[in-house]
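Take this structure first; my questions come after.
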Amino acid sequence: MTALPEFPPPASEDRAAPPLAAVPDAVPAVVPEPLPEALPEPGSEPEAPHAPGLLWYLTEPTRAVVDLGQYAAARQLLRAAPSGDGHTVIVLPGLGGADGSTAVLRKFLSGLGYDVRGWGLGRNLGPSAATVDGTRALLERVAAERGKVSLVGWSLGGVFARELARERPELVRQVITLGSPYALRDARCTRVNPVFRLLAMFYEAASDVPPPESERPPVPVPATSVYSRSDGIVPWRACLEEEGRRRQSVQVASSHLGYCHNTSVLWLVADRLAQPRGRWRRFAPPPGMARMFPAA
């Protein structure tokens, strides 16, 4: 949930898309980072989340820079990403991040024709009264202007997005979370627990904090959870959506700090947002891109 230093948005680009047949050759293959762990079998008791391995944690900054380099090399590929109907998308940053930390993602979505909004609340310091009230007011204001909006949340921002969708489903078109540990039961299982505890003095009273995800009803709008088994900040199992008719978890190969500029994540978010309203479908990688989405 720690934010990447804020990168300047990329320069505006020509949106002329290359033929899709040429897409696989437009960028070097993005090989997922393998891990021996497997998803739990349907109906089985999932393994309890634990803190990511020390190696994944220590290499987060380096791998985030690699993700950024792959993004720079993949711009020709991303020109062919699906575009949608131009509806409004609100992007919420992770713990410690401000709108600058999601600049690449927001610039990319704006280039696809969406009306993209940052959250405009400064740095995300956790569930303080100002943050909770501010996100509610933001959703209500933007929805009043533009109609139903899609919410994209990185890490802790995704936890906020899910709660907003539960509170005001009539205002939300869909929710996409990027490495958001909403199923976490113990903050000690993240690598940013010391920061979270330090900021706790600013948070809402315990009575105002939602109960654990396991005690919450499903999100009442279409929901896609993006996770990476090589996430070095939060346990990937805590980011898994319970499968359902309009719910899906999709694995990518990304660092936690790289979610908002990872090539696979950008394509996936574009694909999810491009779905016609009321016609949600499960994600399937396009031909030639299956290796970018392990086990999808």
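I need the full set of residues from segment 99-143 which are β-branched (V, I, T) and out of contact with any strand residue (DSSP E or B) (no Cβ under 8 Å at 6 or more places or on another chain), in order please. Outline the logic, then answer.
To start, the set of residues in segment 99-143 that are β-branched (V, I, T) comprises 102, 104, 116, 131-132, 135, 142.
Result: V104, T131, V132.
Give segment 148-160 a look and list any residue that's more than 15 Å from L273 (Cα to Cα) and of a type in the set (G, A, S), or say none. Let's see the steps before the verdict.
Keep residues of segment 148-160 that are more than 15 Å from L273 (Cα to Cα), which gives 154-160.
If the condition is that a residue be more than 15 Å from L273 (Cα to Cα) and of a type in the set (G, A, S), then S155, G157, G158 are the ones that fit.
Do you know which residues across segment 101-117 are out of contact with any Gly (no Cβ under 8 Å at 6 or more places or on another chain) and open to solvent by 20 Å² or more (accessible area, probe 1.4 Å)? Working first, answer last.
If we filter segment 101-117 for residues that are out of contact with any Gly (no Cβ under 8 Å at 6 or more places or on another chain), which is where we start, we get 103-105, 107-111, 116-117.
Once the filter is applied, which keeps residues that are out of contact with any Gly (no Cβ under 8 Å at 6 or more places or on another chain) and open to solvent by 20 Å² or more (accessible area, probe 1.4 Å), segment 101-117 yields K107, F108, S110, G111, V116, R117.
Would you say L151 is farther than 21 Å from P82 by Cα and either open to solvent by 10 Å² or more (accessible area, probe 1.4 Å) or at pLDDT 95 or above (or both)? Please lay out each step first, then the result.
Values: farther than 21 Å from P82 by Cα: no; either open to solvent by 10 Å² or more (accessible area, probe 1.4 Å) or at pLDDT 95 or above (or both): yes.
Answer is no for this residue.
Only residues that are modelled with pLDDT of 95 or more and not basic (K, R): list them for segment 95-110, please. Before you say what the answer is, go through the steps one by one.
Residues of segment 95-110 modelled with pLDDT of 95 or more: 98-110.
Hits for segment 95-110 are A98, D99, G100, S101, T102, A103, V104, L105, F108, L109, S110.
Sticking with this structure for a sec: Determine the pairs where a residue that is touching a residue at least 24 places away in the same chain (Cβ under 8 Å), located within segment 58-86, has a partner that is open to solvent by 70 Å² or more (accessible area, probe 1.4 Å) and in a helix (DSSP H, G or I) with Cβ atoms under 7 Å apart, the partner being 6 or more residues away or on another chain.
Within 7 Å, the pairs are A80/L20.
The rows are residues; the columns are (1) within 28 Å of G147 (Cβ to Cβ); (2) modelled with pLDDT under 90; (3) buried (at least 20 other Cβ atoms within 10 Å of the Cβ).
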| site | (1), (2), (3) |
| --- | --- |
| P222 | yes, no, yes |
| G244 | yes, yes, no |
| A253 | no, no, yes |
| A270 | yes, no, yes |
| R281 | yes, no, no |
| P285 | no, no, no |
| A290 | no, yes, no |
| P294 | no, yes, no |
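Across segment 143-158, which residue is farthest from D231 (Cα to Cα) among those that are free of Cβ contacts under 8 Å to residues at least 60 places away in the same chain and either of a type in the set (F, W, Y) or in contact with an Asp or Glu (Cβ under 9 Å, 6 or more places away or on another chain) (or both)?
Taking segment 143-158 and keeping what is free of Cβ contacts under 8 Å to residues at least 60 places away in the same chain, we get 143-146.
Subsequent filtering for residues that are either of a type in the set (F, W, Y) or in contact with an Asp or Glu (Cβ under 9 Å, 6 or more places away or on another chain) (or both) retains 143, 146.
On the way: A143: 33, R146: 35 Å.
Per the stated criteria, the residue is R146.
To continue, here is another question. Considering only segment 78-85, I want to know if a residue exists there that is open to solvent by 10 Å² or more (accessible area, probe 1.4 Å), in a helix (DSSP H, G or I) and of a type in the set (S, T, N, Q).
So far as segment 78-85 goes, no, none of its residues is open to solvent by 10 Å² or more (accessible area, probe 1.4 Å), in a helix (DSSP H, G or I) and of a type in the set (S, T, N, Q).
The values are calculated or read from the model by the stated rules, or taken from the named source; none is laboratory data. Predicted, not measured: the structure shown is a model, and the values here were computed from it. Here Cβ is always computed from backbone atoms with ideal geometry, including for glycine, and neighbour counts include all displayed protein chains. Heavy atoms of the whole protein, side chains included, go into the accessibility calculation; ligands, DNA and RNA do not. Shrake-Rupley method; radii C 1.70, N 1.55, O 1.52, S 1.80 Å.
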